[in-house]
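The values are calculated or read from the model by the stated rules, or taken from the named source; none is laboratory data. Bear in mind that the values here come from a model prediction, so they are computed numbers and not experimental data. For neighbour counting, all protein chains shown are included, and Cβ atoms are generated from backbone atoms with ideal geometry for every residue, glycine included. Side chains are part of the model used for accessible areas, which takes the heavy atoms of the whole protein and leaves out ligands, DNA and RNA. Shrake-Rupley method; radii C 1.70, N 1.55, O 1.52, S 1.80 Å.
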Amino acid sequence: GLRKLKGGRIIEVNPNKVPRIIGKQGSMVTMIKEMGRCNIVIGQNGLIWINGLPANELLAIQTIRKIEKESHMSGLTDKIKGYLDSQSHLVEGTEAPKEEVQHEHVQREYVPRGPPREYQRRGPPRRY
């Protein structure tokens, strides 16, 4: 949404690299956010706002620059994950590793919902 940005840093990247930085279904940027413990907002115009503790912001910026430089390579997500793992000692606000908690997967019952409301009134859009 639109709001005044308080704190953080703004960096600029080539707008053509934005989809690679975001990753499939946001996987790459989510990984950077979680492992770097900072908030990241990416604009389609190539402007990226990063907000967190200073060392974490720097790690996120270095990671984004690495993605930008190596965006033509395959297997980039795994390389970036390895890079972030190797740099995890630089992240501020981290504690000693805890035991992983196993979450139970809950299967939800499928409930058919029918067509969207606008179709109920007007019918589906016409293709010419």
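Observations, loosely collected:
- Note on segment 65-80: among residues that are of a type in the set (D, E, K, R), farther than 22 Å from Asn51 by Cβ and not in a loop (DSSP other than H, G, I, E, B), the one that is most open to solvent (accessible area, probe 1.4 Å) is Lys69.
- So Glu100, is it open to solvent by 50 Å² or more (accessible area, probe 1.4 Å) and at pLDDT below 70: yes
- Flag if Glu57 is acidic (Asp, Glu) and under 27 Å from Lys4 (Cβ atoms): yes
- Restricting attention to segment 3-27, the residues that are over 17 Å from Lys69 (Cβ atoms) and either in contact with a strand residue (DSSP E or B) (Cβ under 9 Å, 6 or more places away or on another chain) or touching a residue at least 60 places away in the same chain (Cβ under 8 Å) (or both) add up to 6.
- Within segment 28-57, considering residues that are part of a helix (DSSP H, G or I) and in contact with a strand residue (DSSP E or B) (Cβ under 8 Å, 6 or more places away or on another chain), the one surrounded by the most Cβ atoms within 10 Å (Cβ to Cβ): Gly36
- Residue count for segment 8-23, restricted to those that are open to solvent by less than 60 Å² (accessible area, probe 1.4 Å) and either part of a loop (DSSP other than H, G, I, E, B) or polar (S, T, N, Q) (or both): 3.
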